[in-house]
1. Criterion first (in a loop (DSSP other than H, G, I, E, B) and out of contact with any helix residue (DSSP H, G or I) (no Cβ under 7 Å at 6 or more places or on another chain)) does residue 76 satisfy it?
2. Name the residue, out of 30, 41, that is closer than 18 Å to residue 270 by Cβ and surrounded by fewer than 23 Cβ atoms within 10 Å (Cβ to Cβ).
3. Out of all the residues in the range 288-303, which are in contact with a helix residue (DSSP H, G or I) (Cβ under 7 Å, 6 or more places away or on another chain) and buried (at least 16 other Cβ atoms within 10 Å of the Cβ)?
4. Mind checking which helices (runs of 4 or more DSSP H) fall wholly inside the range 234-314 and carry at least 3 residues that are at pLDDT 95 or above and within 22 Å of residue 224 (Cα to Cα)?
5. Among the residues of the range 203-220, how many are within 20 Å of residue 149 (Cβ to Cβ) and out of contact with any strand residue (DSSP E or B) (no Cβ under 7 Å at 6 or more places or on another chain)?
6. Go through 124, 99 for me and flag whichever is touching a strand residue (DSSP E or B) at 6+ places or on another chain (Cβ under 9 Å), more than 17 Å from residue 209 (Cβ to Cβ) and buried (at least 22 other Cβ atoms within 10 Å of the Cβ).
7. I'd like to check something: does the range 14-26 contain any residue that is in contact with a strand residue (DSSP E or B) (Cβ under 6 Å, 6 or more places away or on another chain) and either at pLDDT 95 or above or surrounded by 18 or more Cβ atoms within 10 Å (Cβ to Cβ) (or both)?
8. Of 50, 88, which residue is buried (at least 24 other Cβ atoms within 10 Å of the Cβ), closer than 18 Å to residue 18 by Cα and in contact with a strand residue (DSSP E or B) (Cβ under 8 Å, 6 or more places away or on another chain)?
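The values are calculated or read from the model by the stated rules, or taken from the named source; none is laboratory data. Since we're looking at a predicted model, the values are computed, not measured. As a convention, Cβ positions derive from the backbone with ideal geometry for all residues, glycine included, and neighbour counts pool all protein chains shown.
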């Protein structure tokens with residue numbers, strides 16, 4: 001699968017490393033993680049590998065039946081796995097608030113939050129809260145979720161003396177947003193809508209959100225890191241809205257794309273690896289530090305997006 005001779009980066013891993021390989025020998029017992037979008041693709045593999053390393057994983061899933069099926073399969077393979085499912089629709093503020101409220105009232109600690117769920121290149125649709133669907137699901141839902149869980153993460157980091165980690169699964173597509181980066185005044189503009197640029201916009205928002213939250217937590221001297229990452233181009237059902245792309249991917253995918261085991265590697269690396277300790281506000285790719293676009297590193301744009309996002313969730 002995928003360039004078997006990939007050059008290893010400074011971390012010792014490469015684009016062909018798998019999630020199991022990058023977490024080998026790491027003991028995650030005693031840690032609790034939330035993984036959004038855990039019922040398919042790299043979310044499922046991230047959940048499986050974290051559970052294999054002893055982490056208790058809460059799967060945030062839109063489809064609870066599918067989530068329960070994944071949970072059963074993981075427990076069958078790893079009898080010691082601690083996995084639970086909870087309903088979560090990132091495109092709905094009410095669903096995000098309900099999920100966070102139920103999790104916080106469960107008194108479970110939270111060490112790791114993996115904002116993984118996403119939709120890609122959808123036709124122009126408004127969410128239940130009347131916000132363009134890709135921006136609502138990929139960015140705003142995760143922005144709200146992170147805010148609602150932040151006190152729990154802070155408390156857990158203080159009480160356990162273990163570093164909290166927040167991870168936004170972004171994409172190299174963040175380099176291909178609309179001109180100017182974020183269409184603040186046209187977020188719901190159907191006339192100028194491009195499904196791929198809107199996807200890029202939402203993925204740029206993931207990077208900017210991580211950077212601004214990292215800056216705020218550093219200022220408060222809290223032991224919590226926030227990073228974003230590119231998982232790689234992976235054969236998943238994200239491409240289902242583009243039949244031509246879907247067909248090409250099914251035909252060529254196994255030669256040029258990552259499989260799911262490789263696709264979940266960077267997420268698992270950033271979530272668990274000791275090499276990442278203390279690193280915050282960074283962008284990762286192929287289980288190594290990478291460089292986001294100039295817009296992705298724009299601190300003023302990140303602050304503006306933060307304020308804009310706050311206005312939308314209030």
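1. Spelling it out, it is not the case that residue 76 is in a loop (DSSP other than H, G, I, E, B) and out of contact with any helix residue (DSSP H, G or I) (no Cβ under 7 Å at 6 or more places or on another chain).
2. Among 30, 41, only 41 is closer than 18 Å to residue 270 by Cβ and surrounded by fewer than 23 Cβ atoms within 10 Å (Cβ to Cβ).
3. Of everything in the range 288-303, those that are in contact with a helix residue (DSSP H, G or I) (Cβ under 7 Å, 6 or more places away or on another chain) and buried (at least 16 other Cβ atoms within 10 Å of the Cβ) turn out to be 292, 293, 295, 296, 301, 302.
4. Because the criterion is at least 3 residues that are at pLDDT 95 or above and within 22 Å of residue 224 (Cα to Cα), the helices (runs of 4 or more DSSP H) in the range 234-314 that meet it are 265-272, 299-313.
5. Summing the residues that are within 20 Å of residue 149 (Cβ to Cβ) and out of contact with any strand residue (DSSP E or B) (no Cβ under 7 Å at 6 or more places or on another chain) in the range 203-220 gives 9.
6. Going through 124, 99 in turn, the sole match is 99.
7. Taking every residue of the range 14-26 in turn, none turns out to be in contact with a strand residue (DSSP E or B) (Cβ under 6 Å, 6 or more places away or on another chain) and either at pLDDT 95 or above or surrounded by 18 or more Cβ atoms within 10 Å (Cβ to Cβ) (or both).
8. 50
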